[in-house]
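To start, the structure under review is shown below, and the notes come after it.
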Amino acid sequence: MKTNISINTRLLVRDFGGLTAATHGLNEVGHQITKNAVDKWRRRESLPSESMLAFAVLAKQKNQRFDLLDYVIKKGDVR
């Protein structure tokens with residue numbers, strides 16, 4: 001059964017400074033990732049839960065607001 005929710009990965013990456021800045025930030029908190037992988041998340045509107053947790057750690061380190069619900073998309077929602 002396919003779920004009707006996804007993550008707005010484009011907004012998530014943009015909120016962390018874009019593709020390059022987000023990649024560098026994730027690497028700085030110990031989550032080794034490439035720009036190509038982050039770009040794939042943006043295109044698929046999906047990312048591994050471990051990576052989402054790394055964004056939470058990065059946000060805390062940067063003292064940046066982070067609420068997962070800001071990035072949840074339900075099919076039929078318009079944002």
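Coordinate-derived values only; no laboratory data. Predicted model only: the values in this text are computed from it and were never measured. We place every Cβ from the backbone using ideal geometry, glycine too, and count neighbours over all the protein chains shown.
Listing H31, H24 from fewest to most neighbouring C-beta atoms within 10 Å gives H24, H31. In plain terms, the chain from T34 to Q64 could stretch by 8.6 nm, reckoned as 0.36 nm per residue minus the Cα-Cα distance. State the number of lysine pairs found in the chain whose Cα atoms come within less than 21 Å, restricting to pairs 8 or more positions apart or on distinct chains. So the count works out to 6. When the label point is put 7 Å from the Cα of A21 along its Cα-to-beta-carbon vector, which residues of the stretch 35-54 have a backbone N closer than 20 Å? So the set is 35-43, 52-54. With respect to the chain, whose longest principal axis is taken over its alpha-carbon atoms, helix 49-62 is tilted by about 50°.
When the helices of the chain are scored as -39500 (n - 2.57) per DSSP H run of n ≥ 4 and the total is divided over every residue, the value at 222 nm lands at -15500 deg cm²/dmol. Compared with the dominant principal axis of the Cα atoms in the chain, helix 19-28 is inclined by about 60°.
Each of V72, V13 was scored by other Cβ atoms within 10 Å of its Cβ. Listed from fewest to most, they are V72, V13. In this structure the amide hydrogen of V72, modeled in the peptide plane, comes within under 5 Å of the amide hydrogens of N8, none closer than 5 places in sequence on its chain. Cα-based values for the chain, radius of gyration first and Dmax second, are 12.3, 38 Å.
Can you tell me the 0 to 90 degree angle between the C-alpha axis of helix 35-44 and the longest principal axis of the chain, rounded to 10? With rounding to tens, the tilt is 10 degrees. Counting every other Cβ atom within 10 Å of each residue's Cβ, R44, R10 order from fewest to most as R44, R10.
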